[in-house]
Amino acid sequence: MGWSIAELKAEADACACARLMASSEPWVTLGRSYEASLAIIQDRTREVYLLWDEGVIAGFIILCVTGPFVGYIQTICIHPQRRGQGWGSRLVAFAEQRILREFPNVFLCVSSFNRDAQRLYERLGYSVVGELTDYIVQGHSEILLRKTVGAIADFRPAAT
Ligand SMILES: CC(C)(COP(=O)(O)OP(=O)(O)OC[C@H]1O[C@@H](n2cnc3c(N)ncnc32)[C@H](O)[C@@H]1OP(=O)(O)O)[C@@H](O)C(=O)NCCC(=O)NCCS
């Protein structure tokens, strides 16, 4: 069966992702409930992709490809039992391919207390752009990261 990445379709899959998100750090510390998680996952202005491995949801990623700071990875989550095995790096690579087809920047935010994820993003070539203090919850920052292939004015989207 192997693994694949596919756009979210079924409501039951959205619910499974929301359960994953609401029960995992950093979202526990950030106070994100199941209902709030589901609302984000079902936001139709976003693109949501599921990582399937042997017929099971191994993780998901939410992309924002409209609006300001376009090309934003809003959420990435790998199932707790599958972390540290390269799945997150694969999902980020997929997101970068999707975004860099149309836009020259990939943005994402990482919580100040999420040192493990910060290490991963640094390794994947992301640079710190700035720090949003007390942004989601008091006492913790969100660190804005960016990976770029060049200036917007020079960028030519890939032909479709
Ligand atoms: C962050 C996350 C998406 C990375 O996916 P992954 O499949 O675990 O990562 P990979 O196997 O591709 O790369 C391993 C790296 O991920 C990071 N990582 C590993 N476990 C992690 C965890 N529980 N939480 C956060 N980052 C983790 C580490 O930097 C690790 O590198 P190391 O070998 O130097 O420790 C995944 O661990 C996860 O879902 N974590 C919880 C949710 C989260 O923090 N999301 C990111 C919000 S910005």
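Computed values, structure above
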item	result
Qualifying position, being closer than 22 Å to Glu7 by Cα and surrounded by 15 or more Cβ atoms within 10 Å (Cβ to Cβ), among Leu124, Leu91	Leu91
Qualifying residue in segment 134-150 (condition: within 13 Å of the ligand (Cβ to nearest atom), polar (S, T, N, Q), under 18 Å from the mean Cα position of the chain (by Cα) and farther than 28 Å from Leu8 by Cα)	yes
Selected residue [among the basic types (Lys, Arg) and part of a helix (DSSP H, G or I)] from Arg19, Arg32	Arg19
Any hit, segment 44-54, residues being in contact with a Gly (Cβ under 6 Å, 6 or more places away or on another chain), within 13 Å of the ligand (Cβ to nearest atom) and either modelled with pLDDT of 95 or more or farther than 27 Å from Ala6 by Cβ (or both)	yes
Cβ-Cβ under 9 Å pairs, at least 6 apart or on other chains, segment 83-102 side over 26 Å from Ile152 (Cβ atoms), far side part of a loop (DSSP other than H, G, I, E, B) and within 12 Å of the ligand (Cβ to nearest atom)	Trp87/His79; Ser89/Leu124
Boolean, Phe69 is among the aromatic types (Phe, Trp, Tyr) and exposed (fewer than 15 other Cβ atoms within 10 Å of the Cβ)	yes
Unmet requirement for Gln85, which otherwise passes all of (1) farther than 19 Å from Leu20 by Cα; (2) surrounded by fewer than 17 Cβ atoms within 10 Å (Cβ to Cβ)	(1)
Residue match in segment 33-43 (condition: touching a strand residue (DSSP E or B) at 6+ places or on another chain (Cβ under 8 Å), buried (at least 18 other Cβ atoms within 10 Å of the Cβ) and in contact (Cβ under 8 Å) with a residue 40 or more places away in the chain)	no
Out of Thr75, Thr66, sole residue that is of a type in the set (Ser, Thr, Tyr), at pLDDT 95 or above and within 14 Å of the ligand (Cβ to nearest atom)	Thr75
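The values are calculated or read from the model by the stated rules, or taken from the named source; none is laboratory data. Everything numeric in this text was worked out from a predicted model, so none of it was measured. No Cβ is skipped: glycine too gets one built from the backbone with ideal geometry, and neighbour counts run over all protein chains shown.
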